1. For the stretch B:1-50, which positions are over 12 Å from the mean Cα position of the chain (by Cα) and within 10 Å of another protein chain (Cβ to nearest Cβ)?
2. Of all the residues that make up the stretch B:58-94, how many are farther than 13 Å from B:Asn22 by Cβ and open to solvent by 20 Å² or more (accessible area, probe 1.4 Å)?
3. Would you check which residues across the stretch B:35-57 are on the phi < 0 side of the Ramachandran plot and surrounded by fewer than 12 Cβ atoms within 10 Å (Cβ to Cβ) and list them?
4. Checking B:Val110 against (1) within 27 Å of A:Asn59 (Cβ to Cβ); (2) of a type in the set (Val, Ile, Thr); (3) more than 9 Å from every other protein chain (Cβ to nearest Cβ), which test does it fail?
5. Going by what's in this entry, would A:Phe64 be described as away from chain B (no Cβ under 11 Å), within 16 Å of A:Thr5 (Cα to Cα) and either under 14 Å from the mean Cα position of the chain (by Cα) or free of Cβ contacts under 8 Å to residues at least 40 places away in the same chain (or both)?
6. Go over the candidates A:Ile46, A:Ile26 one by one and state the one that is among the β-branched types (Val, Ile, Thr) and under 18 Å from B:Leu46 (Cβ atoms).
Amino acid sequence: DAGVTQSPTHLIKTRGQQVTLRCSPISGHKSVSWYQQVLGQGPQFIFQYYEKEERGRGNFPDRFSARQFPNYSSELNVNALLLGDSALYLCASSLQGYNYGYTFGSGTRLTVV
Amino acid sequence: RKEVEQDPGPFNVPEGATVAFNCTYSNSASQSFFWYRQDCRKEPKLLMSVYSSGNEDGRFTAQLNRASQYISLLIRDSKLSDSATYLCVVIPSKAAGNKLTFGGGTRVLVKP
């Protein structure tokens, strides 16, 4: 079975540009979450979607947005990129409920120059 | 105060030795607790859930102390392959839904 797949794996963007990151959860998983991990820190929660509805939002500016599609895949969009947006963006999927461990994709490494 | 705090380390551990480290959390209503392992430049992977009664998985033992608001991870008979960053993860409350709150990680280096 395929795990959580993310694309692209690496990306270089210029300040002010916009970026879209994609995530496909494990088959049967209905919940997708996005996390940002800056080098040397733990991941920080950005969004969580369950059954195509936003169920949580972290402390990130409105430049960050996301959505979940009927097939449960998800996109994270970041507008007006800043140097500080350079990070590993992780997608995690889970079945449902909050007592299940999450499975993470290998991430998209975004570099803003 | 951060929601979840960990000693960043590194913990330098001789192969075969035992190492233990803690993680403190600030929200007393926190519901669920996990340890994740993250290798350099890789994604976090679930190591084990942490249950109120404590639990063991092979060489790994996790404990939860709700009164003092910390969880711990103990690794026995350390292997070179145990070298990684160990992330403490808390789900703050039911109201937080499925949001995972991560500590900054504890780096463990097992040396021959």
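1. Correct list: B:Lys2, B:Gln31, B:Ser32, B:Arg41, B:Lys42, B:Glu43.
2. 14
3. B:Cys40, B:Ser52, B:Ser53, B:Asp57 - these are the residues of the stretch B:35-57 that are on the phi < 0 side of the Ramachandran plot and surrounded by fewer than 12 Cβ atoms within 10 Å (Cβ to Cβ).
4. (1)
5. Considered against the rule, which asks whether it is away from chain B (no Cβ under 11 Å), within 16 Å of A:Thr5 (Cα to Cα) and either under 14 Å from the mean Cα position of the chain (by Cα) or free of Cβ contacts under 8 Å to residues at least 40 places away in the same chain (or both), A:Phe64 comes out as no.
6. One residue alone meets the criteria, A:Ile26.
The values are calculated or read from the model by the stated rules, or taken from the named source; none is laboratory data. The structure presented is a predicted model; accordingly, all values stated were derived computationally and were not measured. Cβ: placed from backbone, ideal geometry, glycine included. Neighbour counts: every protein chain shown. Accessible surface is based on the protein model in full, side chains and every heavy atom, while ligands, DNA and RNA are left aside. Shrake-Rupley method; radii C 1.70, N 1.55, O 1.52, S 1.80 Å.
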